[in-house]
């Protein structure tokens, strides 16, 4: 694959779609057999009539994955020669050494991506602590795809054999335990080999090829490749909500700063590995719940991906959730954070945006007397992110993060809030009208009979109640429910979707401005009652705690007096 400035739109996609019976399954079964892997597995897991169902399944998965990987290597080699031929030279195209290494690395990447999930269905997943030694790896990757795969499975056979001798009695005495162990050991070899290859493709000499590959559509079976990283074809590129920047009401300064930052990151030079600008990659927003922090970040994420897609720039946007990293195991949370930012954010062969909601909940104050080691490690990880010591602040990525309240210590706050914004959401009557009428109820406005002046009165009512954007969304849901409050006619259930949409329009109920104002009033009244109830509950709890302390103090005084009288 050449590394030029040619647009990806001018290059045909690379597609490897295996036929029903594979490309050369019999040949790959012979290759796996000749490698000695089947013999080694059979020597350790000997069933009365040959291999067990488990080992046969592992060998068949290996042959089928090898079949796909060989096709990937050959197709990638052909695509590379086509790229070289486009230079216009009449000389016979011959790949350079680095290009041969790239073909081998992508071939093994496809092999691991196909084989590891299949082995995981057969036996327990291994947890290797290190990768294979990189010595000799480049020499291995130089071989043509078929020769490369032959050598890899000879290495796998040798690896399993060595592990059997090193760990006498590994797996246990029972046949079921031994067959699970041997498949897991083979899986460990593939995982460690993949790790060694990743050092070349993501941080070594082959990284430029990953950047070039990310700018081209590459599909292998049911996986779509973005550089050397794969995802299932059916999975969305991102889990962002379908929100556009035009749908954001208020927060103007925050939105404009985020849009500018997104464009600056899109302008990062992937070939040179640096940005022409020096930027602060972190935007921090502080605002009450429901003010639009999350919706704004999702809208910016969609804008960033669309902006990059239109310019053939490989890009991703990562939403970080607490379930992605929070763990009950010591050091696991900080390790997960580091892995996310090193591998998924900075390790991606393109530019990347990140959204981390409620970031304040992840970090306890260092002034707290009971700060756990896990929390200290989390602070160290996030300090590395914001200080640029974990991943460089070089313009390749940006992050939007927010909090409802400022409950972090000064050291944490000074790092996170280097570019702070106070986010308030809608603040004027016009803001509320735009949010409620033009955004949330845009499809139902034909069923609402209200003048512009009446809408402004509704907006003023929202201002007076100081409703958050989330509260306005609840009001809009109630208004929509009132409009769609009708019984389904019998013929509705036999109709197609278009007819159902038409019937929905015909059967919808008309509401006036007074009905909308009533929904606002009802919500405000409900909210007031809920707050008063919560306040009453807090008051009762505080009184109960005070009574308990007083009773405890009285009891302690009585016991002290009794002990003194006894001693006398």
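Bear in mind these aren't lab numbers, they're just calculated from the coordinates by the rules spelled out. All values reported here derive from a predicted model rather than from experimental measurement. Note: ideal-geometry Cβ built from the backbone for every residue, glycine included; neighbour counts use all protein chains shown.
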- Message: With only alpha-carbon pairs counted, each pair once and no self-pairs, how large is the Kirkwood hydrodynamic radius of the range 8-232 in angstroms?
- Response: 18.3
- Query: Considering every pair of different Cα atoms, what Kirkwood radius, in Å, is found for the range 181-327?
  - Reply: 18.1
- Item | Ranking of 503, 283, 550 by count of other Cβ atoms within 10 Å, fewest first | 550, 503, 283
- Message: With a cut-off of 8 Å between alpha carbons and a minimum separation of six or more residues, what is the relative contact order of the range 8-232 in percent?
- Response: 29
- Query: Between residue 501 and residue 428, what FRET efficiency comes out of the Förster formula 1/(1 + (r/R0)^6) with R0 = 30 Å and r the beta carbon distance, rounded to 0.05?
  - Reply: 0.30
- Return the Cα extents of the range 429-525 along principal axes one, two and three, sorted largest first, each rounded to a whole Å. 47, 25, 20
- Counted neighbours (other Cβ, 10 Å), sorted fewest up, put 316, 437, 549 in the order 549, 437, 316
- Message: I need 496, 247, 394, 253 ordered by Cβ neighbour count within 10 Å, fewest first.
- Response: 496, 253, 394, 247
- Query: With contacts defined as alpha carbon pairs under 8 Å and 6 or more residues apart, what's the relative contact order of the range 429-525 in percent?
  - Reply: 40
- Item | the range 117-223, relative contact order in percent, only Cα pairs under 8 angstrom and at least six apart counted | 38
- Rounded to 5, the percent of DSSP beta bridges in the range 8-232 classed as antiparallel: 75
